[in-house]
Every structure is written in C-alpha cells, then in structure tokens.
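Trainee: Submitted below is the structure of interest, expressed as structure tokens.
What follows is calculated from the coordinates using simple rules that are stated; it is not laboratory data. Quantities reported herein were computed from a predicted structural model and do not represent experimental measurements. Cβ sites come from the backbone with ideal geometry, for glycine too, and all protein chains shown count toward neighbours.
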Amino acid sequence: MNPAEWLLRSARKTPDAPALLHGVEVVASYGAFAERAGRIAKALREEWGVWPGDRVALFMANSPTYLELLYGIWFAGAVAVPINYKLHPREATHIVDDAQARVVFVDGARAGVASFLGGEEGASVVTPEILAGELPRHTAMDAPHPMRAEDLAWLFYTSGTTGRPKGVMLTIANLHAMVFAYFVDVDAVHREDAALYAAPMSHGAGLYNFMHVLRGARHVVPVSGGFDPSEIADLAPRLGNVSMFAAPTMVRRLCDYAARSGYDGEGIRTIVYGGGPMYVADIERAVAQFGPRFVQIYGQGESPMTITALSRETIAERSHPRWRERLGSVGLAHSCVEVRVADEAGHPVLAGETGEILVRGASVMAGYWRNPDATAETLRDGWLWTGDLGALDEDGYLTLKDRSKDVIISGGTNIYPREVEEALLTCAGVREVSVVGRAEPEWGEEVVAFVVAMEEEGLEPDQLDAHCRSQIARFKRPRHYVFLEELPKNTYGKVLKGELRRMADEVAGRG
Ligand code: AMP
C-alpha cells in the first residue's frame with residue numbers, strides 16, 4: 001500500500017490538525033499537506049514526465065517542504081532518492097546519475113548542482129522557484145498510484161567501503177515492517193506528538209515521518225534546520241510531546257547544554273538514539289539529567305532502524321542486577337527480524353562469543369540498486385551480513401564489539417576512509433595515503449590522514465585541505481595530516497591500519 005494513503009487517511013480524519021511546523025509556526029494542516037502532495041504528484045507527472053517506478057531525488061536541507069515532496073513522489077507512485085545535503089555537488093551528481101533520477105529537487109543553497117548535471121538524458125533540476133511557479137497550474141491527483149509490497153519506495157544511498165555509494169533498495173514491505181516494528185519495539189506514537197527533525201531527513205531521522213503521518217501527529221523542522229541544543233530547549237516545552245532521533249554526539253551536546261542551563265528535558269517525550277556507539281557513562285548521565293526518555297535502536301540502511309532496540313524501561317531500570325551491562329548493549333532483536341551472531345561460514349557462535357551480526361526478516365532490503373555483485377556479497381541465503389561485529393548474551397541482548405574494519409563515525413555519520421583516500425590521491429604531489437579515525441570527545445571520531453609525499457614535492461596541509469574541499473563533503477575532510485616517509489605495511493604489502501591508529505593517538509597527545 002502506498003504510504004500516501006496514510007497521509008490521505010489522516011487528512012480525512014483530522015483535516016484541520018496541524019501537520020507541518022517550522023519552529024512553532026504551523027505551515028500546513030493535514031488537509032493542506034495532503035493537497036500539496038497531490039499537486040506535486042500531478043506536476044511530476046505532467047511537467048516532468050515522472051511515471052510510477054521512476055526515481056526522484058531530493059538534494060536539500062531539512063524543511064517542511066521536504067515532507068510534501070516525499071509524499072508527492074509516493075503519491076505519483078515514484079521512488080524517493082534522498083541525498084545527504086552535506087555532500088559535494090559532484091557526489092550528489094553521482095547519486096542522481098546512478099539512480100537514473102528523472103527529477104532532482106534542490107533548495108536554494110544546492111541549486112549549483114545543476115551545473116554538474118548535463119546532457120539530454122540528465123535529470124531536470126527543480127528549484128523552489130520553479131516548483132512555486134508550476135504548482136498553482138495543477139490540481140491534486142485524484143488518488144495515490146497503487147503500490148504493491150515489492151515496489152521500491154526509498155532508494156537509500158550509503159557510501160560503500162569499496163568506493164562509490166550504493167543504493168539500498170527499500171520496498172513498501174520493508175518500510176511497513178519498519179513502521180509496525182517501531183510501534184511494537186521502540187515507542188508508541190499519538191496524535192498529540194511532535195516529531196522533531198534535528199538530524200538530516202535524508203537519513204534515519206527522515207524515516208520517523210511514516211509513524212507520525214500514520215498517527216496524524218505534528219512534524220516539526222527547527223528554524224535552524226538542524227541540531228541546536230538551546231533551540232530544542234526553547235522549542236520542546238512550547239510544542240510538548242516531542243519525539244526525536246539523536247545520534248549519540250547530539251545526546252552528549254544536549255546534556256552539556258542542560259548542565260550549563262538547568263534545562264531538564266521538559267517537553268521531550270522520547271529521544272531515540274543510535275547510528276553510532278553510545279558510551280555507558282554518557283547514557284547514564286543523560287538518564288540522570290533527563291529521566292526515562294531514552295530508547296536505543298541499532299540498524300543500518302540495509303535494515304532501517306530495525307536490528308535491535310534497547311527499551312526505555314531497560315535503560316531506566318537501575319535496580320536490575322545486569323542494568324549496567326545492558327546499558328552497554330544495543331538491546332534485543334526487533335520483532336520483524338532474526339538476529340544471529342555468526343562465524344565466517346555463517347554458523348551461529350555460542351552466547352558471549354564475538355562474530356559478525358547477521359539479520360533476516362521483513363525489513364531487510366531487496367538488494368543494492370543495479371549492483372548484483374554487492375547484493376550477492378551482502379545478502380546470502382536471505383541473511384544480511386551487516387559488517388558489524390558483536391556478541392549475544394544468553395538473554396538475547398546484543399553488544400556491538402567493533403565496527404567492521406575501518407569505517408569512521410563522526411557526529412553519527414559514516415565516513416569511509418577509502419573515499420577520502422581516493423580524493424587525496426588525486427592531489428598532485430601525493431604518493432600514498434591512508435586514512436583512519438581517532439577518538440574525539442565531541443564528534444566521536446575525527447579523520448586523520450597519513451600522507452607519503454613524492455620526494456621532490458613539499459606538501460602542505462593547507463594545500464591538501466583545499467584539495468579535499470574541492471572533491472568531497474566538508475565533514476569528511478581530515479582534521480590532521482601526518483607526513484610519513486612510508487606507510488607501515490605487512491608482508492603482503494597491506495597497510496597496517498591498526499598501527500596507524502596507534503600513531504594517530506600518539507600524535508593527538510602532541511596536538
Ligand atoms: P547507516 O547505514 O549509515 O545507518 O550506518 C549503520 C551503521 O552504524 C551500523 O552498521 C553500525 O555500525 C552503526 N550503528 C548503528 N546503530 C548503532 C548503535 N545503536 N550503536 C552502535 N553503532 C551503531
């Protein structure tokens with residue numbers, strides 16, 4: 001069933017209920033939200049030739065319009081391709097091309113992407129001005145185009161460890177499983193609630209829209225468009241019943257702010273955290289400051305939000321003998337999936353032993369878009385190989401031991417070293433490079449690059465930084481450069497990243 005049906009049902013039930021808010025200002029009721037989505041669908045069909053199954057990309061920062069566009073896309077039976085707005089236009093263009101998108105919606109700040117897209121076959125770039133000019137000429141489409149369980153709804157681009165980003169194919173059935181499991185395993189949602197989008201809607205935070213549309217609740221985009229603790233402390237008491245997704249670094253920043261200002265969490269009902277490791281000391285402090293408002297989820301694009309959850313009760317249950325141990329876990333398997341910790345052959349290991357985390361169930365992606373090799377490697381006999389390492393205890397609580405290999409998680413966002421390395425290697429004067437993460441209190445991890453220069457060239461960090469800015473998103477660029485005569489390697493010639501991590505820690509001490 002098309003998710004736009006949920007929007008129409010809420011619009012029929014409570015047409016005047018506030019739906020979309022910018023800060024505390026209501027910008028659309030449910031009736032208006034549904035009507036705009038229907039018009040967008042009509043314009044997509046008639047102006048830009050979008051047919052069911054076509055891909056439509058969004059390269060824009062958080063805004064109430066984001067949700068109207070998402071529902072307009074589904075109304076038309078098309079597939080949404082949200083792109084992280086922090087990406088470089090060149091990176092966004094790669095995604096638009098790979099998805100073979102027919103249209104890309106951009107906001108003012110990202111209209112420059114148009115200069116990277118070209119050719120007869122290229123996507124139409126639709127700016128807010130173009131949209132505002134077209135919409136009045138169209139009436140709303142009569143009914144959402146029917147969508148079946150296996151139809152693609154969301155193409156979720158995640159960076160690949162081996163180069164280019166891959167498009168995770170999420171079907172209607174995947175999203176249904178995710179939504180229903182949220183109600184069962186994570187949190188209830190009521191009409192009085194407000195989903196606050198303080199993290200990018202192109203990623204996990206955007207997925208919260210479904211539960212809130214289904215319940216006819218409010219959707220609030222902070223005026224800053226992102227995460228600002230003082231803004232949240234001001235907004236939440238005025239809105240009431242706020243639910244939000246926050247990466248562990250955001251929770252930490254909210255706690256720091258609370259310690260300074262005395263804010264006690266008023267107005268916030270639920271903070272769902274995940275996307276990166278939450279340290280026990282941090283969640284203990286957060287619960288001490290804000291009380292039982294936290295739920296943890298562990299998931300990945302390939303099984304969105306739905307691998308395990310650590311419930312509000314478990315997080316707050318101090319008297320339980322294993323409370324602290326459980327606080328360090330990511331909780332129990334979601335209702336819609338089986339979770340297994342396996343050895344390299346895929347056989348389950350014993351409780352307490354570490355192995356790769358495998359997941360099977362209704363929320364697991366259909367595969368990677370136009371990438372059968374990567375699909376075959378990741379989905380085997382119906383099991384999703386997550387690339388994460390962990391251990392299950394006898395009660396079924398999963399603890400993540402390590403992220404597989406070398407992914408750097410900074411501010412809750414994955415940074416793939418290979419991508420940074422490839423960018424740096426295109427800079428004149430660089431012979432070899434290897435990138436690792438180093439622990440950093442505010443962001444979780446920061447990027448450190450080890451560079452071997454060509455003998456005759458004298459390379460400067462500023463030069464490398466300028467090069468990175470022209471190639472990749474700002475948040476991926478290295479914060480430190482260390483110049484070496486050669487990279488440490490094993491006998492097979494492979495770079496020893498563990499060794500580099502130790503070196504990165506050492507140089508951290510020297511600033
Ligand atoms: P993404 O596909 O970008 O959402 O990234 C998913 C990855 O983030 C997972 O494979 C984990 O490595 C990590 N991750 C997600 N949730 C958690 C969590 N609750 N605790 C620790 N790491 C997490």
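Trainee: For Val280, what is the net charge nearby, where nearby means another residue's Cβ is under 12 Å from its Cβ and Lys, Arg count +1, Asp, Glu -1?
Mentor: 0
Trainee: Once the piece of chain linking Met454 and Ala342 is laid out straight, how much longer is it, given 0.36 nm per residue of separation minus the C-alpha distance between them?
Mentor: Gain in length upon complete extension: 36.0 nm.
Trainee: For each of Cys427, Cys336, count neighbouring Cβ atoms within 10 Å of the residue's Cβ, then give the residues from fewest to most. Before the final figure, lay out each step's value.
Mentor: On the way: Cys427 18, Cys336 21.
Neighbour counts put them in this order, fewest first: Cys427, Cys336.
Trainee: Given a cut-off of under 8 Å on Cα pairs at least six residues apart, what relative contact order in percent is computed for the chain?
Mentor: Value for the chain: 11 percent.
Trainee: Fewest Cβ neighbours within 10 Å first, please rank Tyr368, Tyr481 accordingly.
Mentor: Ranked by crowding around the Cβ, least crowded first: Tyr481, Tyr368.
Trainee: With r defined as the distance between the Cβ atoms of Asp256 and Val184 and R0 fixed at 30 Å, what FRET efficiency is calculated, to the nearest 0.05?
Mentor: About 0.35, to the nearest 0.05.
Trainee: Order the peptides 95-106, 232-243, 20-31 from the highest to the lowest mean number of other Cβ atoms within 10 Å of their residues.
Mentor: On the way: 95-106: 22.6, 232-243: 19.6, 20-31: 17.7.
Descending mean neighbour count gives 95-106, 232-243, 20-31.
Trainee: As a test of understanding, state the convex hull volume per residue of the stretch 408-510 from its alpha carbons, in Å³.
Mentor: Details: hull volume 10.5 nm³, N = 103.
It comes to 102 Å³ per residue, whole-number rounded.
Trainee: From the P(r) of the chain, could you give the percentage of C-alpha pairs in the tail past 34 Å?
Mentor: 38
Trainee: Work out, step by step, the length gained on full extension between Asp142 and Phe483: first 0.36 nm times the residue separation, then minus their alpha carbon distance; give nm to one decimal.
Mentor: 116.5 nm
Trainee: Tell me, in nm to one decimal, what length is gained between Glu5 and Arg191 on full extension, where the rule is 0.36 nm per residue of separation less the Cα-Cα distance?
Mentor: Numbers: separation 186, 0.36 × 186 = 66.96 nm, distance 1.71 nm.
The span from Glu5 to Arg191 would gain 65.3 nm if fully extended.
Trainee: Ratio of alpha-carbon Rg to the 2.2 N^0.38 Å globular estimate for the stretch 253-332, to two decimals, please.
Mentor: 1.10
Trainee: Between Ser319 and Val507, with labels modelled 7 Å along Cα→Cβ, what's the label distance in nm to one decimal, could you check?
Mentor: 5.3
Trainee: Arrange Lys401, Lys166, Lys42 by Cβ neighbour counts within 10 Å, fewest through most, would you?
Mentor: Result, fewest neighbours first: Lys401, Lys42, Lys166.
Trainee: Turning to a different aspect of this structure: Can you figure out the FRET efficiency of Asp97 with Ala149, using R₀ = 22 Å and their beta-carbon distance, to the nearest 0.05?
Mentor: Result of the calculation: an efficiency of 0.15.
Trainee: Sort out for me the Cα centre separation of the stretch 342-361 from the stretch 79-143, rounded to whole Å.
Mentor: 41
Trainee: Separate question: FRET efficiency for Val26 and Glu266, Cβ-Cβ distance as r, R0 = 22 Å, nearest 0.05?
Mentor: Given R0 = 22 Å and the Cβ-Cβ separation, E is 0.55.
Trainee: Quick check on the chain: helices-only [θ] at 222 nm, where DSSP H runs of length 4 and up contribute -39,500 (n - 2.57) each and the sum goes over total residues. Nearest 500, please.
Mentor: One gets -9500 deg cm²/dmol as the mean residue ellipticity at 222 nm.
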